[in-house]
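Notes for the one structure printed next.
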Amino acid sequence: MDPLMTTHASPAFANLAEIDTSALEDNYRFLRQLAPGSAECVAVVKANAYGHGLSLCAPAAVRAGAHWLAVASVEEAIAARAYAPQARILALGSILPGWGATVIAHGITPCIWTLEHLDELESAAHAAALGPASLAVHLEIDTGMSRQGAALEELPDILKRITPSSPLRIEAVMTHLYASDEDNGARSAQQYVKLDEALRMIQSTPAAAHLQYLSAGASAALLGSDAADVAEMAQRFGLKPMFRLGLALYGIAPRSTDLQAPAAQLPGQPVLKPVLTWKTRVVSLRTIPAGTEIGYNGTFTATEPMRLALIPTGYADGLDRRLSNRFSLLVRGQRAPLVGRVSMDMAVLDVTEIPGVETGDEVVILGTQNRGTQDNETITAYDLADASETIPWEVFTSIGPRVPRISV
Ligand SMILES: *Cc1c(COP(=O)(O)O)cnc(C)c1O
């Protein structure tokens, strides 16, 4: 059971993330059509689908045609399997000792890069009486990030273990392009040199017998110049390119690209569509005289009489405390500043300049406040990220478990 899937959200919600699953489907199809060389596009749904709700997003990606989902861990893979019984599920993180049997039982495809991974998976495969080449693995190469992946020097010892009688087969060679968002491409170029060398080493061994994919990049790679380079390298080695798409699937283009909706696009031209709208409501209002302090430690003092609106959303919900006194949310299509410190469970907005605010009014934290008129206002994940000194990935994954994710 997905702990973040809430089924008891009241229609009179006070704190809610609306998930537009058809936008996610459109994004997936759009990205796949952009991908060069009939690439395989993996829908990355780790971290509860980037905070958007695994139970909503995994089936949506599959509906849009995704054959592959990727998650961080075996635990997440088990959760994803429940929502996508037929999909291939790639676990991007380390396989720990003892996890092999679970990987096999749930049909999970692990990433491997150490001899310990081989030991664990081989013994689990033997225990399950699997025949040769029956457990697909993605072999990760460290091409510069020093995080996961085998170093080139470690590769021969790994490849020696993938004999024709091994229960494992290498289905993909994988690496993580970690600077696809940089203009000059120098880091990617260095990574390609190592990747090329790794592929040549692999190709000359029986371990290459079942190799199908070159899995190299994330959203910024597909939407930037790395896409063509990955496709070219894949073709040179007779492989199919594979891209692992997270942020773009949720409708946010990495800043290095200019696909972010609602960018000025030609009419009819598809754009990425943000999938998540985070809303709360005004639950109480008060008027304060000049000189009154607001919130913990009185970091804000009213210099004139003010009208304040209370929202039941705080940093425990993912409303970053660094937004205190420096960001505004949307009320009645206008910007209402967060005044005083954001508390754990609530925050205070200055609505002095916004006429007619009432208890129950919708407040948009992230997304577009749809007013049925031309004056819709939008807060993007980048707006929130900039104000809280982080990145959209962290903004999304910080939205807390108290915020129900509801399909719209
Ligand atoms: C999270 C992740 C991705 C997806 O990255 P985005 O930038 O969100 O598209 C791709 N590959 C790996 C290995 C990842 O961990």
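The numbers here are math on the coordinates, done by the rules we state, and not lab data. These numbers were taken from a predicted model, which means no experiment stands behind them. Cβ placement follows ideal geometry from the backbone for every residue including glycine, while neighbour counts extend to all protein chains displayed.
When only Cα pairs below 8 angstrom with a gap of at least 6 residues are kept, segment 276-407 shows a relative contact order of 26 percent. Note on 50, 83: ascending count of other Cβ atoms within 10 Å places them as 83, 50, the fewest first. Measuring how big segment 344-408 is from its alpha-carbon positions, Rg and Dmax come out at 13.8, 35 Å.
Once the Cβ-Cβ distance between residue 86 and residue 321 is put in as r, and R0 is 56 Å, what FRET efficiency do you end up with, to the nearest 0.05? Efficiency for this residue pair is about 0.85.
In this simple spin-label approximation, residue 256 and residue 335 carry label points 7 Å from Cα along the Cα→Cβ vector, and these lie 2.9 nm apart. For the chain, what does the relative contact order come out to in percent, with C-alpha contacts under 8 Å and a separation of six or more? Normalised by residue count, the contact order of the chain is 17 percent. Taking the number of Cβ atoms within 10 Å of each Cβ as an exposure proxy, the fewest-first ranking of 396, 327 is 327, 396.
Considering only 392, 36, 85, the Gaussian network model of the chain with Cα springs below 10 Å gives its largest mean-square fluctuation to 85. When each of 331, 42 is scored by the number of other beta-carbon atoms lying within 10 Å, the sequence from fewest to most is 331, 42.
According to the Kirkwood relation over distinct C-alpha pairs, the hydrodynamic radius of the chain is 23.0 Å.
Binning the C-alpha pair distances of segment 122-257 at 5 Å intervals from 0 yields a P(r) profile of 2, 11, 20, 21, 18, 13, 8, 5, 2, 0 %, listed from the shortest bin outward. Comparing Cα centroids, segment 215-232 and segment 339-380 end up 38 angstrom apart. Using every pair of separate Cα atoms, the Kirkwood estimate puts the hydrodynamic radius of segment 269-401 at 15.1 angstrom.
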